[in-house]
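The block underneath contains the structure these notes are about, expressed in structure tokens.
The values are calculated or read from the model by the stated rules, or taken from the named source; none is laboratory data. Predicted model only: the values in this text are computed from it and were never measured. Don't worry about glycine lacking a Cβ; one is built from the backbone with ideal geometry, like all the others, and counts go over all protein chains shown. Just so you know, the surface numbers come from the protein's heavy atoms only, side chains and all, with ligands and any DNA or RNA stripped out. Shrake-Rupley method; radii C 1.70, N 1.55, O 1.52, S 1.80 Å.
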Amino acid sequence: MRSSNPVFSRRGFSRSGGYAGFDAGQQPQAGNPYANSPYVNNPYAQQQPQTAGQPYGAPPAAPPQTGRMTIDDVVARTGMTVGLVFVMAAVAWITDLALPIAIGAGLVAMVLALVQSFKRKAVPALILAYAALEGLFLGAISNFVDSYIADGAAMQAVLGTMAVFAAVLVMYKTRIIRVNRRFYRFAIAAAVGFILLMMVNLLFAVIGGGDGLGFRSGTLGIIMGIAGIVIGALFLALDFKQVEDGISYGAPREESWLAAFGLTLTLVWIYLEFLRLIAILQGND
């Protein structure tokens, strides 16, 4: 399946270039606990050994085989990518990295993320390079906002991002949030609509100057900032579901890098939306 991120579209877990995802021509297997999921036709389900009483296509009851992705793999890779973002952000902050250089790093990071998104397999070097450059961008932007617009905004944005991550994880694990087809479609529609509005706003800003249609300032800016955070939370749930399905169906261990990449993209999105929202709120004081 191609799992979309609010910032970039990326490839989901795959086997031999295939995707787990929607297929109108196939029906979910009876008894499959993932029957209502957007990942129902996961290719890993097709090569799992069957045991008596186990429905075809269901997640394996036995522990994952050697060489398969585990939650430890995902946590370790995500720790590496997010940790690298933090380290490089700290470097940019301490050295007071110039904004033009930081923006250049951010643009290169975007290109690297797009390249990885269209790769059939995870490329750790690309993912780590993206994390390093994104960290430089975030550090410089955060330093600027913290110094000239809203004192303490960076720390507030970090705490807000951590709170959203923890809240979504708890709600996902307790099944308060259920990721199914309807959830998936709503998240995608909301993200596409949000991004289109931001692109139109940017276009008007370039043509007419200022903040374009006003989607990034004042009351509208606050509303759009909250909407951006909510959309990021929705995609965190999609990321958690993708990780859960990858582990259940025996995804190759190297694809834990894809999980780390997706989670990092989503966390960066949420952090930036928090930073922008705090800047609007405190900048109006």
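A few notes on this one:
- For I101, the conditions (1) within 20 Å of L265 (Cα to Cα); (2) touching a Leu at 6+ places or on another chain (Cβ under 9 Å); (3) of a type in the set (A, V, I, L, M, F, W, C); (4) part of a helix (DSSP H, G or I) are fulfilled apart from (1).
- Only one of the numbered conditions (1) open to solvent by 70 Å² or more (accessible area, probe 1.4 Å); (2) within 29 Å of F240 (Cβ to Cβ); (3) among the hydrophobic types (A, V, I, L, M, F, W, C) is violated by F204, and that is (2).
- Hits in segment 121-134 (condition: surrounded by 21 or more Cβ atoms within 10 Å (Cβ to Cβ) and farther than 10 Å from T81 by Cα): A122, L133, E134
- Within segment 84-129, being within 26 Å of Y148 (Cα to Cα) and either in contact with a Lys or Arg (Cβ under 6 Å, 6 or more places away or on another chain) or small (G, A, S) (or both) holds for A89, A90, A92, A98, A102, G104, A105, G106, A109.
- Residue within segment 235-246 that is surrounded by fewer than 22 Cβ atoms within 10 Å (Cβ to Cβ) and closer than 21 Å to S142 by Cα present: no
- Some residue of segment 76-94 being farther than 23 Å from A154 by Cα and either in contact with a helix residue (DSSP H, G or I) (Cβ under 9 Å, 6 or more places away or on another chain) or loosely packed, with under 13 Cβ neighbours inside 10 Å (or both): yes
- Filter result for the condition that a residue is closer than 30 Å to L99 by Cβ, crowded, with 21+ Cβ neighbours inside 10 Å and out of contact with any Asp or Glu (no Cβ under 8 Å at 6 or more places or on another chain), over F215, F194, F165, F144: F215
- Filter result for the condition that a residue is assigned to a helix (DSSP H, G or I), open to solvent by 20 Å² or more (accessible area, probe 1.4 Å) and either touching a Phe, Trp or Tyr at 6+ places or on another chain (Cβ under 8 Å) or not acidic (D, E) (or both), over I226, I176: I226
- Per the listing L126, L136, the residue uniquely touching a residue at least 12 places away in the same chain (Cβ under 8 Å), within 18 Å of L272 (Cβ to Cβ) and out of contact with any Ser or Thr (no Cβ under 9 Å at 6 or more places or on another chain) is L136.
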